[in-house]
Amino acid sequence: MGKHERKYIKTKFEGVYYRISSYRDPRTGELDRVYCYWWADDKGKGHWKTVGRHSQGERPQTARAARIEFLASQAKGKGITSDLATLTVGDAVDAYASWARSEGKHIAQPLQQYNKHLRSRLHFVPISALTPAILVCIKAELVNTRVARGKDQSRMLSAQTIAHLFSFLRRAINRAMATGAWQGINPLGSRQGGAWQMPKVDNRRVRFFTPDEANRLLSHLAMSSRQVHDMAMLSLRTGLRATEIFKLRAQDIDSHAGILHVTSKGGRIDSVPASDEVITMLLSYDRKGNEPIFQERGTGGPVKRISDAFRRAVDKLGLDTSAGESRYAVTFHTLRHTFASWLAQSGKVTLLELQKLMRHESLAMTQRYAHLIPGQERTKLAIINDLLNTDTDHSNGST
């Protein structure tokens, strides 16, 4: 096979590819992989550089590191080392935001949170000056930050929001590294035993609606906002995430097959089954082709956030009694959690089937619902009760 006929297969890392070799890995007997990366010269001409074989220990990560090092050396040779050294957090964030928008990613909320809580602290700080001590100090400040919640109310900034903020920064700097804009180690990377550790949050939600609560919420939303009501109904009946609902277009509805073609995390297209009632509800908006089903008022563009009408309804009905504890908080995502919880409680769905319906990448993500699936665990507790009661009877008989 000539070089021009080689087929390069993309990895998840920008510019990093592999091709299938005609030689086999002596350890596994399978065809070997040859990792390589792509780069463009000053004239825009593309070039390939081979890194090495899978059988020799090379991996996509090592090919990515080799590409970053090569691009950095190219930049140094062109006399722009000072630009790399002075690249700020804000430069990385702005470049990442521009790229993410071009890829159709929803970053409005994390960017809004960044602008609100981190911009004044970090935007003009060079990445090279971002030390673990600075990050730890900022994390401590965020933990003690209060945010407004409704009229004359406030709450502490949630641990999950703080974790999302630092994850957003890490992604932005990773992107700068991938494009060669920044060389070196990502200061947001957690290393075992290191001075900086990314915030860890147990974001497992345990709060889900009862049928009565769900019906009361939907009834209230039907009177205040048809669009929010329909989005809530859609999530409850299909388990769709808010971001997936925002991206739904007229052409994504297959009324004959009863399927919604949904753009999920990472841009993956999933086929989600939907009832006739859901299909009819979506078709009633009478959108055409590429038009989003749910639109911003006045602009006709896709909805980018859940309207405050949802929060007002939750507060009016007294559904959120979490007192700020995120595991018990009621958010729009509670509807997806309710969808999964009701299916698990029914006893008619296995864990593997639930994984497919929730479109989880791993069974470990679905495992959080395992305790809701009816089993014999509760009846087994009778063994302990019987033993205790038997021992009590013996004690009473001996006295």
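The values are calculated or read from the model by the stated rules, or taken from the named source; none is laboratory data. Source: prediction; values computed, not measured. Quick reminder, even Gly has a Cβ in these numbers, built from the backbone with ideal geometry, and neighbours come from all protein chains shown.
Going by what's in this entry, would Leu218 be described as in a loop (DSSP other than H, G, I, E, B) and surrounded by 16 or more Cβ atoms within 10 Å (Cβ to Cβ)?
Details: in a loop (DSSP other than H, G, I, E, B): no; surrounded by 16 or more Cβ atoms within 10 Å (Cβ to Cβ): yes.
Against the criterion (in a loop (DSSP other than H, G, I, E, B) and surrounded by 16 or more Cβ atoms within 10 Å (Cβ to Cβ)), Leu218 does not qualify.
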Exercise for the section: Report, by residue number, each residue of the range 338-371 that is among the hydrophobic types (A, V, I, L, M, F, W, C), free of Cβ contacts under 8 Å to residues at least 60 places away in the same chain and in a helix (DSSP H, G or I). Expected result: Leu343, Ala344, Leu351, Leu352, Leu354, Leu363, Ala364, Met365, Ala370
Practice task
Only residues that are part of a helix (DSSP H, G or I) and surrounded by fewer than 19 Cβ atoms within 10 Å (Cβ to Cβ): list them for the range 298-337, please.
Solution key: Asp308, Ala309, Arg311, Arg312, Asp315, Lys316, Leu317, Ser326, Arg327, Tyr328, His333
Exercise for the section: Search the range 26-52 for residues that are small (Gly, Ala, Ser) and pair each with any residue that is at pLDDT 85 or above and assigned to a strand (DSSP E or B) when their beta-carbon atoms are under 6 Å apart and the residues are at least 6 apart or on different chains. Expected result: Gly46/Trp38
Exercise for the section: Quickly run through the range 95-124 and pick out the residues that are exposed (fewer than 15 other Cβ atoms within 10 Å of the Cβ), in contact with a strand residue (DSSP E or B) (Cβ under 9 Å, 6 or more places away or on another chain) and of a type outside the set (Phe, Trp, Tyr). Expected result: Gly104, Lys116
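I'm checking my understanding of the structure. Among residues of the range 221-242 that are surrounded by 17 or more Cβ atoms within 10 Å (Cβ to Cβ) and among the charged types (D, E, K, R), which one is modelled with the highest pLDDT? It would help to see each step written out before you state the result.
Looking only at the range 221-242, we keep the residues that are surrounded by 17 or more Cβ atoms within 10 Å (Cβ to Cβ), and these are 221, 225, 227-236, 238-242.
Among the residues that remain, those that are also among the charged types (D, E, K, R) are: 230, 241.
Values: Asp230: 97, Arg241: 94.
Ranking the candidates gives Asp230 first.
Quick grid of which residues meet (1) over 27 Å from Thr243 (Cβ atoms); (2) not aromatic (Phe, Trp, Tyr):
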{"residue": "Trp99", "(1), (2)": "no, no"}
{"residue": "Gln113", "(1), (2)": "no, yes"}
{"residue": "Thr131", "(1), (2)": "yes, yes"}
{"residue": "Thr145", "(1), (2)": "no, yes"}
{"residue": "Leu157", "(1), (2)": "no, yes"}
{"residue": "Leu165", "(1), (2)": "no, yes"}
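Does Leu352 meet the test of being out of contact with any strand residue (DSSP E or B) (no Cβ under 9 Å at 6 or more places or on another chain), surrounded by fewer than 12 Cβ atoms within 10 Å (Cβ to Cβ) and at pLDDT 90 or above? Write out each step before concluding.
Details: out of contact with any strand residue (DSSP E or B) (no Cβ under 9 Å at 6 or more places or on another chain): yes; surrounded by fewer than 12 Cβ atoms within 10 Å (Cβ to Cβ): yes; at pLDDT 90 or above: yes.
Yes, satisfied.
One line per residue, one yes/no per condition, for (1) modelled with pLDDT of 85 or more; (2) in contact with a His (Cβ under 8 Å, 6 or more places away or on another chain); (3) not small (Gly, Ala, Ser):
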{"residue": "Arg6", "(1), (2), (3)": "no, no, yes"}
{"residue": "Lys12", "(1), (2), (3)": "no, no, yes"}
{"residue": "Tyr35", "(1), (2), (3)": "yes, yes, yes"}
{"residue": "Lys49", "(1), (2), (3)": "yes, no, yes"}
Completion exercise
Among residues of the range 127-139 being without any contact (Cβ under 8 Å) to a residue 60 or more places away in the chain and either loosely packed, with under 15 Cβ neighbours inside 10 Å or not assigned by TED's automatic domain parsing to the domain that holds Leu169 (or both), the residue nearest to Ala92 (Cα to Cα) is Ala129
Fill in the blank from the handout: Scanning the range 10-38 residue by residue, those surrounded by fewer than 16 Cβ atoms within 10 Å (Cβ to Cβ), within 29 Å of the chain's Cα centre (by Cα) and not in a loop (DSSP other than H, G, I, E, B) turn out to be Lys10, Trp38
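Among the candidates Arg205, Arg191, which residue alone is at pLDDT below 90, surrounded by 19 or more Cβ atoms within 10 Å (Cβ to Cβ), not in a helix (DSSP H, G or I) and not aromatic (Phe, Trp, Tyr)? Reasoning before the result, please.
Working: Arg191 fails: surrounded by 19 or more Cβ atoms within 10 Å (Cβ to Cβ).
Testing whether each residue is at pLDDT below 90, surrounded by 19 or more Cβ atoms within 10 Å (Cβ to Cβ), not in a helix (DSSP H, G or I) and not aromatic (Phe, Trp, Tyr) leaves just Arg205.
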